[in-house]
Amino acid sequence: RVMITVVIALIPVLLFSMWNTGYQYLKQVQPEVDFWDAFGHGALEILPMIVVSYAVGLGIEFAFAIFRGHEVNEGYLVTGLLIPMIMPIGLPLWMLAISVVFAVIIGKEAFGGTGMNILNPALTARAFAFFAYPTYMSGNQVWVMNAAEVDGVSGETILGTLAAGQPIEYDSMDMFMGLIPGSVSETSAVLCLLGALFLIFTKVGSWRIMLSAVVGAAAMGLIFNALPMMGVEGNALTNFPWYNHLIVGGLAFGIVYMATDPVSASQTLKGKWIYGFLIGFFSVMIRVFNPAYPEGVMLA
C-alpha cells in the first residue's frame with residue numbers, strides 16, 4: 001500500500017513533465033506550441049527511460065529474489081519510477097541502465113534488500129551518474145531535449161544561469177508552476193505540493209520532514225539575502241530571493257518524494273525535525289557556496 005500510494009502521488013508530476021519536456025524544446029524552435037504535440041514529444045523521450053529503468057532494475061530484483069529464495073518485493077515500483085524522473089532528459093539510456101545497476105546492487109541489495117538499505121536507491125543512481133558521467137549530468141546542454149544537437153536551443157537551468165552570473169528570464173510564477181528547464185520531473189513546485197498533501201493525508205509521507213526541510217531552506221536563504229545588509233557584497237545566487245529557492249530546482253521534489261523515504265529517512269519524531277531541517281539548510285548552502293553544484297538537494 002505504501003509503495004503504490006507513492007506511485008499514485010508521482011503520476012501527476014510525471015504527466016506534467018512529459019508535456020513540459022516537449023514544451024521546453026518546441027518553444028525554442030517554433031512560434032506556437034500545441035499541447036498534444038508537446039506532450040507527445042516529451043512522452044517519446046521519457047517513456048523509454050522508464051522502460052529501461054524498470055527492465056534493468058526488476059531484472060536484478062528477480063535475480064536476487066531467486067538467489068535468496070525470497071518473494072519479489074514491490075519496493076522497486078517506486079525506485080524504478082523515481083530514477084528516470086530525477087535524471088536530465090538527455091541522459092543516454094545505457095548510462096541510465098548502468099546507474100540503475102549500481103543503485104540496486106550497491107545502494108540496496110548489498111545491505112540486504114528492501115527495508116534494509118541505508119541509502120535512498122534512486123538518489124544513489126543519480127549520485128553515481130553525476131560523478132561517473134559529469135558532462136551528461138550538468139551544464140547548459142542536458143536539461144532540454146536535443147539542446148546539444150540543435151543550434152539555437154538552450155538548456156540551462158535557472159540555478160545554473162545564476163551560478164554563471166547571468167540574468168534569468170523566468171518569474172516566480174513560472175518557477176512555481178514548473179514552466180522551466182530541469183531534471184525530467186523536478187520542475188513543478190505546485191504539483192509537488194499537491195503530492196505532499198496526498199502523501200500526508202494517506203500517512204505515507206512525514207509532514208515533519210517536509211515542513212522542517214522548508215524551514216531549513218528558507219532559513220539558509222534568508223541568511224544569504226541578509227548579507228548585503230551586513231555590508232557583504234553578494235552575487236546572483238546569494239541575492240536570489242529566499243522564497244524562490246523553495247520553488248526552483250529539485251528542492252520541492254526532493255523534500256516530498258526523496259527525503260520522506262520510509263526506509264532511509266529518520267525514524268524518530270525529534271530526528272525527523274532535525275533531519276528535514278538539515279536537508280533544506282544544506283541544499284541552499286551547497287547551491288550558493290559551490291557553483292560546480294548549482295543544485296545541492298541530492299548531496300544534502
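The values are calculated or read from the model by the stated rules, or taken from the named source; none is laboratory data. This is a predicted model, so every value here is computed, not measured. Note: ideal-geometry Cβ built from the backbone for every residue, glycine included; neighbour counts use all protein chains shown. Heavy atoms of the whole protein, side chains included, go into the accessibility calculation; ligands, DNA and RNA do not. Shrake-Rupley method; radii C 1.70, N 1.55, O 1.52, S 1.80 Å.
Output the number of residues of segment 27-42 satisfying the condition of being surrounded by fewer than 18 Cβ atoms within 10 Å (Cβ to Cβ) and in a helix (DSSP H, G or I).
Here the count works out to 4.
Condition check ((1) among the polar types (S, T, N, Q); (2) more than 20 Å from Val190 (Cβ to Cβ); (3) at pLDDT below 95; (4) touching a Lys or Arg at 6+ places or on another chain (Cβ under 8 Å)) across all residues:
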residue	(1), (2), (3), (4)
Met3	no, yes, yes, no
Val6	no, no, yes, no
Leu15	no, no, no, no
Gln24	yes, no, yes, no
Lys27	no, no, yes, no
Gly40	no, yes, no, no
Ala43	no, yes, no, no
Leu47	no, yes, no, no
Ile50	no, yes, no, no
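Does at least one position in segment 55-62 carry a residue that is assigned to a helix (DSSP H, G or I), open to solvent by 10 Å² or more (accessible area, probe 1.4 Å), over 18 Å from Phe102 (Cβ atoms) and not charged (D, E, K, R)?
The answer is no; no qualifying residue exists.
Quickly run through segment 243-278 and pick out the residues that are over 22 Å from Pro88 (Cα atoms), in a helix (DSSP H, G or I) and open to solvent by 10 Å² or more (accessible area, probe 1.4 Å).
Correct list: Tyr243, Leu269, Lys270, Gly271, Lys272, Trp273, Ile274, Tyr275, Phe277, Leu278.
Applying the selection to segment 172-188, what residues are of a type in the set (Asp, Glu) and under 18 Å from Gln28 (Cβ atoms)?
Answer for segment 172-188, where residues must be of a type in the set (Asp, Glu) and under 18 Å from Gln28 (Cβ atoms): just Asp174.
Could you give me the residue pairs with C-beta distances under 7 Å whose first residue belongs to segment 264-290 and is in contact (Cβ under 8 Å) with a residue 24 or more places away in the chain, whose second residue is crowded, with 19+ Cβ neighbours inside 10 Å and among the acidic types (Asp, Glu) wherever it lies, and which are 6+ apart or on separate chains?
Between residues of segment 264-290 that are in contact (Cβ under 8 Å) with a residue 24 or more places away in the chain and residues that are crowded, with 19+ Cβ neighbours inside 10 Å and among the acidic types (Asp, Glu), the close pairs are Arg287/Glu295.
Would you be able to tell me the number of residues in segment 95-149 that are open to solvent by 60 Å² or more (accessible area, probe 1.4 Å), within 28 Å of Ile168 (Cβ to Cβ) and under 18 Å from the mean Cα position of the chain (by Cα)?
6
Name the pairs: first residue in segment 38-67 and closer than 16 Å to Ser17 by Cα, second residue open to solvent by 50 Å² or more (accessible area, probe 1.4 Å), Cβ to Cβ under 6 Å, at least 6 apart or on different chains?
Ala38/Tyr23
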